[in-house]
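Written below as structure tokens is the structure these notes are about.
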Amino acid sequence: MNTRKLLISLLLIVALLPSAGLTGAQETSFSLRGFASRNGIYMGAAAWTYHLDDPALAEILAREFNMLTPEHEAKWCMVSTGPGEYDFSRVDRLVKFAEENNMVIHGHTLVWHSCSPDWVENAEWSRDEAIEVLREHITTVVERYKGRVMYWDVVNEAFDGGDMRDTAWLRMIGEDYVELAFQFAHEADPDALLLYNDYGNESMGEKSDAVYDMAQDFLARGVPIHGIGMQGHFTLGSINYGSIASNMQRLGELGLEVQFTEVDVKYLGEADNEIMTEQARTYYKLMELCLDAETCSAFIVWGVADKYTWLRNVSFFDNPTVDPLLFGDDYKPKLAYYVLISLLAERAGATPLYDADKIASILGEPDAGMESDLPTPTKSDPNQLAPDSVPGVAVYAPMGVSITLDGDLSDWENIPRVLVNTGTMPGDGETYFEFAVVVDDTNLYYMANVTDPNVIYGEHDPGTWYETDSVEFYLNTTGDLEASSYVPGIVQVGILAENAISPDAPLVGGGNSGDAQVSIATVETDTGYVIEASVPLVNDVWEIVPEHLGVLGFQTHLNGSSSNSRDTKLIWSAADTQDQSWNNPSLFGQLVFWDTTQ
Ligand code: XIL
């Protein structure tokens, strides 16, 4: 247990002593909050005042959660009644409820583009005037609840992808409005813990890189920031847990706390048992991430009961019957609740409601080495020998298919092909490729059919082979899909188009590429070129034993050039938004073996 987690546990123990003079609800041990505190984390929920008017809801809130986030009513557009004027009555009520029930308060949020009062949104102030308004607001709110709000989401959603979002504050003040906001909050309550909060910053990628860089810079310059909130508005089947773990880890290494601040798990269509089981598995795996991350201090759900979720509002999500939370419309705990409380209890050393075997039987035991977060496989054409790929995430490789390396693609019939036409340098749109992977008893075969109107031959420099027309495929055979460096068993193999005219041209490049013992055939086509490659399943470094639904890490790229340097970079794995696979194999997607007799 890290220091923060230990501290939270100790504080809760002290708070529970009768001498602490509590008037409200006591910690009931059999509750999410009871077991969460024994794991050194807070279990939070977002709430509105109208939830407190619903006695059944209020009872669950106080019983199961020890952190409360005002879902909407503390935001600027909600508390403002005019310039410099406020109505805090609803926030006061939420704070009072939390204090009476021995819950800590997670303040949300001081600055958010989506909820600024109109008089702010439409203002045209000078930089100094705007800074004064920002200071006045933050100081008023934070001082009012000084010593009572443990965490503040100081700025919410300031990034749009990897860039600063275009907001009134960015326009009037400039990029430093974010650090000014943190400074004002810190001056108003030096003990409050200050978070930057966003969505889409959960896994590795453009936005989380930008947030990481900002936090690192703040820390280096002494700007008071204590943690990063990851909202966690997730959609079933599209979560890369390994990538979230890597991101949490790097933030933790900066010395920052991390929290899941607004978790819900949505899906399209009507819920059935399968969807609710998948949802429970998702909550379980997300909680595991928080418990496993040294500095994760809270897991907050964005509401208590499905009936009040913001996602049923069709302006936010296209499913008015969605059930994304832990308690149903009838207030009954859902499967997700039972698996979460069991996980928390087990990790606390208590007797879990469901033990590991029971959880495995409910959630289904994932195959060894397999990530269990893929959607149910489907075939868009019944003749396909394997399911459709999950775009940017997983490609299915049919087993028992042998390929002759001759550049003739007829032996790839009925193998689903994956189109790749996006990347960090999408080029002119006329260059793209399709790839597929199959496996037999001795080899893994890879095929790329490249459309490129302008293939350059004879100009490559071995040191910068990736600057010229070439295809790359990457394999991680280690079973550790989260590995973030090129240990033995992880390879990047770059193959030049030039092999088509000069068969002796070297197979080139990439980390550990020699280990793969690749054989290739490369041929020119009317529209570009084709590469077929085979890699032995057993070599000096690895032994790949294909099993139905077994997984390898896999990635593929295309480099295109029309002159001496690269002007096109296409990337398959969605996790690799920065062209970093050559450096970090945790950004690969998955290659899933498929038994064609299934
Ligand atoms: C949402 C609330 O849930 C809604 O009820 C309200 O109408 C709009 O705001 N990210 C955030 C939250 O940081 O503040 C948002 O909350 C949901 C998305």
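The values are calculated or read from the model by the stated rules, or taken from the named source; none is laboratory data. Owing to the predicted nature of the structure, the values given are computational and were not obtained by experimental measurement. Virtual Cβ from ideal backbone geometry, glycine too; neighbours counted across all protein chains shown. Keep in mind that these areas ignore ligands, DNA and RNA; they rest on the heavy atoms of the full protein, side chains included. Shrake-Rupley method; radii C 1.70, N 1.55, O 1.52, S 1.80 Å.
Remarks
- The set of residues from segment 510-519 being surrounded by 21 or more Cβ atoms within 10 Å (Cβ to Cβ) and either in a strand (DSSP E or B) or modelled with pLDDT under 90 (or both) comprises just one member, Gly510.
- Of the residues making up segment 264-312, those that are free of Cβ contacts under 8 Å to residues at least 60 places away in the same chain and in a loop (DSSP other than H, G, I, E, B) number 8.
- Restricting Asp118, Asp189, Asp176, Asp198 to those that are closer than 23 Å to Cys296 by Cα and over 22 Å from the mean Cα position of the chain (by Cα) reduces the list to Asp189.
- Qualifying positions in segment 419-440 - over 26 Å from Val538 (Cβ atoms), in contact with a Phe, Trp or Tyr (Cβ under 7 Å, 6 or more places away or on another chain) and open to solvent by less than 20 Å² (accessible area, probe 1.4 Å): Val420
- Checked against (1) touching a helix residue (DSSP H, G or I) at 6+ places or on another chain (Cβ under 8 Å); (2) surrounded by 22 or more Cβ atoms within 10 Å (Cβ to Cβ); (3) not basic (Lys, Arg), Val301 passes all but condition (1).
- Residue match in segment 455-467 (condition: within 18 Å of Ala575 (Cα to Cα) and not in a strand (DSSP E or B)): no
- Number of residues in segment 52-82 that are surrounded by fewer than 22 Cβ atoms within 10 Å (Cβ to Cβ) and among the basic types (Lys, Arg): the value is 1.
- Condition check for Glu129: farther than 25 Å from Ile225 by Cβ, outside any helix (DSSP H, G or I) and either in contact with a helix residue (DSSP H, G or I) (Cβ under 8 Å, 6 or more places away or on another chain) or more than 16 Å from the ligand (Cβ to nearest atom) (or both): no
- Matching residues, segment 112-136, being surrounded by 18 or more Cβ atoms within 10 Å (Cβ to Cβ) and among the aliphatic types (A, V, I, L, M): Val120, Ala130, Ile131, Val133, Leu134
- From the list Ser19, Ser9, Ser37, the one residue that fits, being over 20 Å from Cys115 (Cβ atoms), open to solvent by less than 20 Å² (accessible area, probe 1.4 Å), modelled with pLDDT under 95 and not in a loop (DSSP other than H, G, I, E, B), is Ser9.
- Note on segment 226-263: residues that are surrounded by fewer than 24 Cβ atoms within 10 Å (Cβ to Cβ) and β-branched (Val, Ile, Thr) total 2.
- Residue within segment 83-94 that is touching an Asp or Glu at 6+ places or on another chain (Cβ under 7 Å) and surrounded by fewer than 16 Cβ atoms within 10 Å (Cβ to Cβ) present: yes
- Residues in segment 59-100 that are of a type in the set (A, V, I, L, M) and under 19 Å from Ser114 (Cα atoms): Ala74, Met78, Val79, Val91.
- Lys266 being within 16 Å of the ligand (Cβ to nearest atom), under 28 Å from Ala360 (Cβ atoms), within 21 Å of the chain's Cα centre (by Cα) and open to solvent by 10 Å² or more (accessible area, probe 1.4 Å): yes
- Test: residue in segment 211-232 that is touching a His at 6+ places or on another chain (Cβ under 6 Å), under 27 Å from His72 (Cα atoms), modelled with pLDDT of 95 or more and not hydroxyl-bearing (Ser, Thr, Tyr): yes
- Thr109 vs. criteria of a type in the set (S, T, N, Q), in contact with a Lys or Arg (Cβ under 7 Å, 6 or more places away or on another chain) and surrounded by 14 or more Cβ atoms within 10 Å (Cβ to Cβ): yes
- Every residue from segment 288-339 that is within 15 Å of the ligand (Cβ to nearest atom) and basic (Lys, Arg): Lys307, Arg312
- Any hit, segment 50-65, residues being away from the ligand (no atom under 14 Å from the Cβ), assigned to a strand (DSSP E or B) and in contact with a strand residue (DSSP E or B) (Cβ under 9 Å, 6 or more places away or on another chain): no
- Leading residue by the ranking (nearest to the chain's Cα centre (by Cα)) among those in segment 233-258 that are among the small types (Gly, Ala, Ser) and at pLDDT 95 or above: Gly252
- Output for segment 67-109, where each listed residue is within 12 Å of the ligand (Cβ to nearest atom) and either of a type in the set (Gly, Ala, Ser) or in a strand (DSSP E or B) (or both): Thr69, Pro70, Ala74, His106, Gly107, His108, Thr109
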